């Protein structure tokens, strides 16, 4: 005869639900884990089924670029170096001006490494020389011409003085969907829907 923890005698198997023909039993740990793995796999497939919309991809590209431009502007001041951004429809790359070689070279910093857009985007950039003085504008033109590789010629400059070439950069898919990244030359770079 079996004795339970409470000290009561157990005369054999009893049914917890006398009206059912079979006794109730719980799930084993393996059964629960198998069900959880199946549910996780189904949830993963469901997430993969939802792809980013073009608007989400465009917004992410614009926000990432603005954040990198702000970080690069800080780097230029901290390291007293002239940085630039070369951009086209396929992507962008940050460059720095090597004073010894007197030319623009690609950045080797992992954070400012070259970036390819997920899709080919329409890129339009307008530079505005009204917010900086004439001497700084001439310096920008002289610096941007010094590169043997046309892909390394910066479109806009991030100067060691803290100035950024004032710009309005439009990224888009045709005329319907656009995001605008802009900077006035002194304040942080911002993103707006175009």
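The values are calculated or read from the model by the stated rules, or taken from the named source; none is laboratory data. Treat the numbers as computed from the prediction; the structure is a model and nothing was measured. All Cβ positions, even for glycine, are placed from backbone atoms using ideal geometry, and neighbour counts span all protein chains on display.
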Filter pass, residue 164 being touching a helix residue (DSSP H, G or I) at 6+ places or on another chain (Cβ under 8 Å) and either at pLDDT 60 or above or assigned by TED's automatic domain parsing to the domain that holds residue 66 (or both): yes
In the stretch 183-194, the residues that are within 13 Å of residue 63 (Cβ to Cβ) and in a strand (DSSP E or B): 190, 191, 192, 193
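This table checks each residue for (1) touching a helix residue (DSSP H, G or I) at 6+ places or on another chain (Cβ under 7 Å); (2) farther than 25 Å from residue 188 by Cα; (3) assigned to a strand (DSSP E or B).
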{"position": "45", "(1), (2), (3)": "no, yes, no"}
{"position": "67", "(1), (2), (3)": "no, no, no"}
{"position": "74", "(1), (2), (3)": "no, no, no"}
{"position": "80", "(1), (2), (3)": "no, no, no"}
{"position": "97", "(1), (2), (3)": "yes, no, yes"}
